[in-house]
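What follows is a single structure, written as structure tokens, with notes after it.
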Amino acid sequence: MSTPTLLRQAAPAALAEHQLALTGGEFALWRTCSLRGAGMPVDWIDALADDALWQRTLTHLAAAAEAAAAPQPAPGRAGKADRAAARQAQQQRETAYRADFAEAVLRQAAAVQEFARWPLVREAVAWQNPRFAGDALESFCRAADPGGRNSRWRQREKTVVGYLQRYCTKNDTIGFFGPVGWADLSEDEAPLTVDPGRGLLAERTVYWESWGIDLLGEALTERHGLRAEVAPRRNPSVHVDGDTVRRPYRKALVLPPAQAAVVRACDGRASAREIAEELTWLGAPGLATAQDVYAALERLVRQGVLTWDLDVPFGRDPAAGLRAMLARMPQAPGRDAALAELAEVERLRGRVAEAGGDPVAVLAALTDLARDFTERTGQVASRRAGESGAGRTLLFEDARRAATARLGGGLLEDIGPALDQVLRSARWFTSAVADGYRAELDALYDQAVRDTGNPSVPLPTLTFLLGPRLVGDGAKPTDELADDLRARWDRVLGHPAEGSRVQLASADLAAAVAEEFACDAPGWTAARYHSPDLLIAAPDAASARPGETLVVLGELHTALNTLEGRLFVEQHPDPASLWDMVRADGVLPRIVPMLPKSWRAVGSRTYPPLTMLLPEYTYWSPGQDSGGAPGEVLPAAGLTVHREDGRLQVTGPGGFRADLIEVLGELISMVTVTRFGILPTRDHTPRVTVDRLVLARETWRPTAGELLVGAKADEATEYLETVRWLTEHGVPRRFFLVAPVEAKPTYIDTRSPLLVQLLARTVRRTVEEYGPDTRITVSEMLPDGDDCWLRDDQGRRYVSELRVVAVDRRLPEATRNEGEQES
């Protein structure tokens, strides 16, 4: 078979074995991609739809509209009988409709209760909300008759419905109810093939959150008197030059001789006891006893020069890291007791893992672990309640999907030109973001030079000043540039605003794309990566045909290879192959910050997004990180910034030299990754399709006040009025709702009163917390619930998407050597 022209291979020397090239050779796609999908079938949520009630609702709304439009009865006595008849007819319609509605809601309530009894649902809830999974869910499941539906029942019912819509309609990657799957892109003639595997899961693993192990390590150290056996180490972000210590964001210290001697002795391997023995034996001034050494260590810890605790580096198994630290200590009763305690805690984690598939056993094992943890540490077994992605509990589970898939050349050929245009705009965006931050940094550098009179500015000085606009809550260059990106796409697409569908051809857009997104190179090295989500709209794999099937562009994760994240790497059947792909991409030089665990966003599973730490990278520490880099780490306090030939450069120990944007590039990626968008915000935007690639779903943005139904309205009125607004505005049956009071989109099916109640509740909360003029977003579900091609071995259908890795084959300008050309 010949290679499709839109996926033609570049010369073997230029294109790696794991890559496919898009049109023009500017970008390559990894052949390996992630198959993300829900862990529960979409058919389950469809069971909450009531077609009979839906037809009855449309009939009722039509009759009410017809009655409102009918000529009004004559005033006075002449029309009295007609008015009475109209009122009676209206009351009869209302009474009949309310009876139908009540019956339908009871049917749905019974269905929700039945779903809540299913082991798969109960186990998922046990992981996400152990408190609700206990007495509340048990009581809900045991109730003999949902007919009463009192306020407590309805609240629990809404909670269960909220979980169901997430488990059945979201392409989440979380636990067994959002397993990581894998797929391939190829030149095969078959457009789409699926191997369902056996069952839902090929593998599932229970992991520790590192914060819990850190707290356990603190407790064991204290209880068993192990502090002296812990090896102090230098804070990796500080720079030691003789007796002078430079610290990020703090004044430099000139250490007295005793403290300087202690710092020199701390190599990260010798324990505090061993350091004390050596320094007292040598007769170091001011260090006559071990207690003198320990006091110096404590002071240096308070000053931010040293760390002196069992701080386990990030990794797949922090408990193993803690065990290794304890095992390195000399054998003694305290050490052995600590190891025994850790073994018992690990046994409890093992019980959770072994309980998989049994919701009662899972909940009991999680409860026992939480109780044991609190008894051992004196700390609660959860944190950051209500925050999304915060690593709230001690454990998390990730799983690998049994099903695999392959997307062939025909469908890729259909979308190749349009996807290439999208990626060119992403390249422009990263370049513009780099220029935006470069301008910010130039201004801050000039300010620092004016304040100090020194043209060499410590890097932490600039990062501190930039902080709110990089990792804080301040306005960022990405904000304004994201609006500019959308405005440029709006011009390219001809300002699509009217109607519900806009169909365009990539060939007709090529000139405008070239003009609006003219750009020679990405903004920084990590920005050579992008991760688009592709959703295939087909009822089954056999129905996916070139020239007929739509592919939907979901999120485009800009300037990031999301498959480098731990949750993907750990679930790949051959993780080493992913490392080989990254190496073969040649995305170098890459300068990676080792982030401190104290940063609020940092966790064991998803953040930082870069898990594959290669020896080829350069590492630097902006704060008190926990180690784990496969090589030397440059201290932030040892890095200085100065201007050369109009560009800010960073220099540091060992002859290190790099462009400032490259040094900060990984951090800039983190604030750029979610900012890509196609269309500006309007009250309504149509679906926009280029060739066979949908760039934007049809979307409505009403105010919350427009959808608000009176606070005292009953369920039937609430449903009727909401459906009235949705149908009048052409909103399809299935859609997703985004509001500021919910971290994730909410799936709504207008044929399900219980799902529409989720919409009404979200609207009320938005009005209460943000005001009636706050905009909410309603976007069509596309692919629709009927177009779910991913099946398991029992034929059940799942929503899904392909998380693809795109590699920009051009090099950032700042990283090119003189005379070097792009690959």
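The values are calculated or read from the model by the stated rules, or taken from the named source; none is laboratory data. Just so it is clear, the structure is predicted and the values come from calculations on it, not from any experiment. Cβ atoms come from the backbone with ideal geometry, glycine included; neighbour counts cover every protein chain shown.
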Filter pass, Gly197 being at pLDDT below 95, within 35 Å of the chain's Cα centre (by Cα) and part of a loop (DSSP other than H, G, I, E, B): no
Filtered residue count, the range 394-451, keeping only those that are over 30 Å from Glu189 (Cα atoms), in contact with a Pro (Cβ under 9 Å, 6 or more places away or on another chain) and of a type in the set (D, E, K, R): 4
Residue tally, condition of a type in the set (A, V, I, L, M), farther than 16 Å from Asp292 by Cα and not in a strand (DSSP E or B), over the range 248-268: 1
Residue in the range 285-318 that is farthest from Ser621 (Cα to Cα), counting only those that are in contact (Cβ under 8 Å) with a residue 40 or more places away in the chain, hydrophobic (A, V, I, L, M, F, W, C) and crowded, with 21+ Cβ neighbours inside 10 Å: Leu297
The range 615-626: number of residues that are modelled with pLDDT under 90 and under 24 Å from the mean Cα position of the chain (by Cα): 3
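Check whether at least one residue in the range 215-223 is closer than 25 Å to Met781 by Cα, surrounded by 21 or more Cβ atoms within 10 Å (Cβ to Cβ) and of a type in the set (A, V, I, L, M), and report yes or no.
Step one: filter the range 215-223 for residues closer than 25 Å to Met781 by Cα, giving none.
No: the range 215-223 contains no residue that is closer than 25 Å to Met781 by Cα, surrounded by 21 or more Cβ atoms within 10 Å (Cβ to Cβ) and of a type in the set (A, V, I, L, M).
How many residues are touching a residue at least 60 places away in the same chain (Cβ under 8 Å), hydrophobic (A, V, I, L, M, F, W, C) and surrounded by fewer than 23 Cβ atoms within 10 Å (Cβ to Cβ) if we restrict to the range 567-586?
At the first step, the residues of the range 567-586 found to be touching a residue at least 60 places away in the same chain (Cβ under 8 Å) are 567-568, 570-573, 577-578, 580-581, 584-586.
Now drop any that are not hydrophobic (A, V, I, L, M, F, W, C), which leaves 567-568, 578, 581, 584.
Still in the running and surrounded by fewer than 23 Cβ atoms within 10 Å (Cβ to Cβ): 567, 578, 581, 584.
Qualifying residue count, the range 567-586: 4.
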Which listed residue, of Arg131, Arg142, is within 30 Å of Ala202 (Cα to Cα), among the charged types (D, E, K, R) and surrounded by fewer than 17 Cβ atoms within 10 Å (Cβ to Cβ): Arg131
Unmet criterion (only one of (1) modelled with pLDDT of 95 or more; (2) under 26 Å from Trp599 (Cβ atoms); (3) in contact with a Gly (Cβ under 8 Å, 6 or more places away or on another chain)) for Leu485: (2)
Any hit, the range 626-645, residues being touching a Lys or Arg at 6+ places or on another chain (Cβ under 8 Å), β-branched (Val, Ile, Thr) and surrounded by fewer than 22 Cβ atoms within 10 Å (Cβ to Cβ): no
Strands (runs of 3 or more DSSP E) contained in the range 693-803 and holding at least 2 residues in contact (Cβ under 8 Å) with a residue 60 or more places away in the chain and under 25 Å from the mean Cα position of the chain (by Cα): 693-696, 746-749, 777-780, 800-803
Unique match (being in contact with a Leu (Cβ under 8 Å, 6 or more places away or on another chain), among the aliphatic types (A, V, I, L, M), surrounded by 17 or more Cβ atoms within 10 Å (Cβ to Cβ) and not in a helix (DSSP H, G or I)) among Val161, Val112, Val180: Val180
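Tell me the residue from Val254, Val245, Val238 that is surrounded by fewer than 18 Cβ atoms within 10 Å (Cβ to Cβ) and either modelled with pLDDT under 95 or in contact with a strand residue (DSSP E or B) (Cβ under 6 Å, 6 or more places away or on another chain) (or both), please. I'd like the intermediate steps shown before the answer.
On the way: Val245 fails: surrounded by fewer than 18 Cβ atoms within 10 Å (Cβ to Cβ); Val238 fails: surrounded by fewer than 18 Cβ atoms within 10 Å (Cβ to Cβ).
Among Val254, Val245, Val238, only Val254 is surrounded by fewer than 18 Cβ atoms within 10 Å (Cβ to Cβ) and either modelled with pLDDT under 95 or in contact with a strand residue (DSSP E or B) (Cβ under 6 Å, 6 or more places away or on another chain) (or both).
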When residues of the range 415-453 are limited to those that are within 11 Å of Cys519 (Cβ to Cβ) and among the hydroxyl-bearing types (Ser, Thr, Tyr), the one surrounded by the most Cβ atoms within 10 Å (Cβ to Cβ): Thr430
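Taking the condition of being part of a loop (DSSP other than H, G, I, E, B) and in contact (Cβ under 8 Å) with a residue 24 or more places away in the chain, how many residues in the range 608-649 meet it?
Quick first cut of the range 608-649, residues part of a loop (DSSP other than H, G, I, E, B) only: 608-617, 622-632, 639, 645-646.
Going one step further and asking which of them are in contact (Cβ under 8 Å) with a residue 24 or more places away in the chain, we end up with 608-612, 614, 616-617, 622-629, 639.
The total comes to 17.
Against the definition (surrounded by 15 or more Cβ atoms within 10 Å (Cβ to Cβ) and not in a loop (DSSP other than H, G, I, E, B)), how does Arg605 come out, yes or no?
Numbers: surrounded by 15 or more Cβ atoms within 10 Å (Cβ to Cβ): yes; not in a loop (DSSP other than H, G, I, E, B): no.
The answer is no for Arg605.
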Qualifying residue in the range 575-585 (condition: part of a loop (DSSP other than H, G, I, E, B), more than 25 Å from Met781 (Cβ to Cβ) and not polar (S, T, N, Q)): no
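Within the range 259-273, can you find the residues that are at pLDDT below 95 and either in contact with a strand residue (DSSP E or B) (Cβ under 6 Å, 6 or more places away or on another chain) or buried (at least 18 other Cβ atoms within 10 Å of the Cβ) (or both)?
Narrowing the range 259-273 to residues at pLDDT below 95: 267-269.
Result: Gly268, single match.
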Any hit, the range 636-650, residues being under 23 Å from the mean Cα position of the chain (by Cα) and not basic (Lys, Arg): no
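Return yes or no: is Thr681 touching a residue at least 24 places away in the same chain (Cβ under 8 Å), among the polar types (S, T, N, Q) and assigned to a loop (DSSP other than H, G, I, E, B)? If you could, list the steps in order and put the result at the bottom.
Details: touching a residue at least 24 places away in the same chain (Cβ under 8 Å): yes; among the polar types (S, T, N, Q): yes; assigned to a loop (DSSP other than H, G, I, E, B): yes.
Against the criterion (touching a residue at least 24 places away in the same chain (Cβ under 8 Å), among the polar types (S, T, N, Q) and assigned to a loop (DSSP other than H, G, I, E, B)), Thr681 qualifies.
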Conditions (1) β-branched (Val, Ile, Thr); (2) surrounded by fewer than 18 Cβ atoms within 10 Å (Cβ to Cβ); (3) more than 30 Å from Thr549 (Cα to Cα): number failed by Thr766: (2)
Odd one out for Leu106 among (1) of a type outside the set (S, T, N, Q); (2) crowded, with 17+ Cβ neighbours inside 10 Å; (3) not in a loop (DSSP other than H, G, I, E, B): (2)
Close pairs (6 angstrom Cβ cut-off, 6 or more residues apart or separate chains): of a type in the set (Gly, Ala, Ser) in the range 406-425, in a helix (DSSP H, G or I) anywhere: Gly409/Leu7; Gly416/Leu6; Gly416/Thr23; Ala418/Ser506
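Restricting to the range 31-67, give me the number of residues that are assigned to a helix (DSSP H, G or I), of a type in the set (Ser, Thr, Tyr) and crowded, with 21+ Cβ neighbours inside 10 Å.
Within the range 31-67, the first condition is being assigned to a helix (DSSP H, G or I), and the residues that meet it are 42-46, 51-67.
Those left that are additionally of a type in the set (Ser, Thr, Tyr): 57, 59.
Within this subset, residues satisfying the condition of being crowded, with 21+ Cβ neighbours inside 10 Å are 57.
Qualifying residue count for the region: 1.
With Val245, Val206 as the choices, which residue is within 23 Å of Gly304 (Cβ to Cβ) and in a strand (DSSP E or B)? Before you say what the answer is, go through the steps one by one.
On the way: Val206 fails: within 23 Å of Gly304 (Cβ to Cβ).
Selected residue: Val245, the only one of Val245, Val206 that is within 23 Å of Gly304 (Cβ to Cβ) and in a strand (DSSP E or B).
Results for (1) touching a helix residue (DSSP H, G or I) at 6+ places or on another chain (Cβ under 7 Å); (2) under 30 Å from Thr558 (Cβ atoms); (3) among the acidic types (Asp, Glu); (4) touching a residue at least 60 places away in the same chain (Cβ under 8 Å), shown as yes or no for each residue.
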site	(1), (2), (3), (4)
Gly25	no, yes, no, yes
Leu29	no, yes, no, yes
Gly39	yes, yes, no, yes
Asp51	no, no, yes, yes
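Residues checked against (1) of a type outside the set (Lys, Arg); (2) more than 23 Å from His557 (Cα to Cα); (3) under 27 Å from the mean Cα position of the chain (by Cα):
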| site | (1), (2), (3) |
| --- | --- |
| Gly467 | yes, no, yes |
| Asp473 | yes, no, yes |
| Lys476 | no, no, yes |
| Asp508 | yes, yes, no |
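Are any residues in the range 517-532 surrounded by fewer than 20 Cβ atoms within 10 Å (Cβ to Cβ) and either in contact with a Pro (Cβ under 6 Å, 6 or more places away or on another chain) or of a type in the set (Asp, Glu) (or both), and if so, which ones?
Kept after step one, since they are surrounded by fewer than 20 Cβ atoms within 10 Å (Cβ to Cβ), are these residues of the range 517-532: 518-520.
The one that is surrounded by fewer than 20 Cβ atoms within 10 Å (Cβ to Cβ) and either in contact with a Pro (Cβ under 6 Å, 6 or more places away or on another chain) or of a type in the set (Asp, Glu) (or both): Asp520.
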